[in-house]
Amino acid sequence: MTATSSTAGTTATGVGDNAAKTVLLAGATGLVGRHVLALLLADPRVARVVAPVRRPLPPHRKLLDVPVDYDDLPEDAPWWAVDAVVCTLGTTIAVAGSREAFHRIDHDYPLRVAELARSHGAGAYALNSAKGADPGSRVFYSRVKGELERDLATLGYPSLTFVRPGLIGGERSEKRTGEGIATVVLGALHPVLPRAWRINPAPRIAEALVEAALHARPGQHVVDSATLAD
């Protein structure tokens, strides 16, 4: 992990100490989110996982899955009171259907989750962002990711981490043709590619997110695609 800058804020109870933590996971059913969920449920440092979801998850003694509408999240629900947040919400413009829908899913939803969790005391937030995230980018996808990072940095999280993978390796529930082609090409070129351009396996990304949330190192940090490569 590479520190890029520092933020100030009030540390939430439990973050940074040895107590078992409660972690909210937004995006538990996606490719990376599924791996994050499995890691959190198996980790002895985690007492409970809160997962706002559209459809129920398989039951687990440490899991509280909460049915929600991300367009109308409840502001005062008691389950917002967590130590840390991991956010893996995300889609593509093709899947979302429009730029507006993509922006709502990849910017507005993660930001709203961050606002509500922070207002209830969360002290750490780990985001699955993207390589090239930049609010000034001419590429719409990268610009939205950069705008989200910029806006999250204003919320006062004592610990804020942006994990920025390149192409994510793993089996998705929905088919993404462009990613499939790119995966084949990059897989063939793997031995000669610089680490920053190699495929980033979903389990590796999940590990980085979980460690960022649970370790809750003070300040703002970035985990880049080279760190996540095989």
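Restricting the stretch 121-134 to residues that are surrounded by 16 or more Cβ atoms within 10 Å (Cβ to Cβ) and not aliphatic (A, V, I, L, M) leaves a set whose member that is nearest to Ala81 (Cα to Cα) is Gly121. Among the residues of the stretch 80-113, those that are more than 16 Å from Ala130 (Cα to Cα) and part of a loop (DSSP other than H, G, I, E, B) comprise Ala81, Val82, Asp83, Gly97, Ser98. Look at the stretch 201-220: where a residue is closer than 16 Å to Ala42 by Cβ and a partner is charged (D, E, K, R) and modelled with pLDDT of 95 or more, sitting 6+ places away or on another chain with Cβ atoms under 6 Å, you get Leu214/Arg45.
Among the residues of the stretch 43-65, which ones are under 27 Å from Pro165 (Cβ atoms), open to solvent by 20 Å² or more (accessible area, probe 1.4 Å) and of a type in the set (A, V, I, L, M)? Correct list: Leu57, Leu63.
With respect to the stated conditions, Arg118 is within 16 Å of Leu160 (Cβ to Cβ), open to solvent by 20 Å² or more (accessible area, probe 1.4 Å), under 17 Å from the mean Cα position of the chain (by Cα) and modelled with pLDDT of 95 or more. If the condition is being free of Cβ contacts under 8 Å to residues at least 40 places away in the same chain and either hydroxyl-bearing (Ser, Thr, Tyr) or closer than 18 Å to Asp76 by Cα (or both), then the stretch 90-118 contributes Thr91, Ser98, Arg118. Does at least one position in the stretch 176-199 carry a residue that is outside any loop (DSSP other than H, G, I, E, B), at pLDDT 70 or above and out of contact with any Ser or Thr (no Cβ under 6 Å at 6 or more places or on another chain)? The answer is no; no qualifying residue exists. Can you spot a residue in the stretch 26-36 that is open to solvent by less than 20 Å² (accessible area, probe 1.4 Å), assigned to a loop (DSSP other than H, G, I, E, B) and small (Gly, Ala, Ser)? Looking through the stretch 26-36, at least one residue is open to solvent by less than 20 Å² (accessible area, probe 1.4 Å), assigned to a loop (DSSP other than H, G, I, E, B) and small (Gly, Ala, Ser).
The values are calculated or read from the model by the stated rules, or taken from the named source; none is laboratory data. Bear in mind the structure is a predicted one, so any value in this text is a computation, not a measurement. A quick note on method: Cβ atoms are made from the backbone with ideal geometry, for glycine too, and the neighbour counts reach across all protein chains shown. Just the protein is used for accessible areas: all its heavy atoms, side chains included, with ligands, DNA and RNA removed. Shrake-Rupley method; radii C 1.70, N 1.55, O 1.52, S 1.80 Å.
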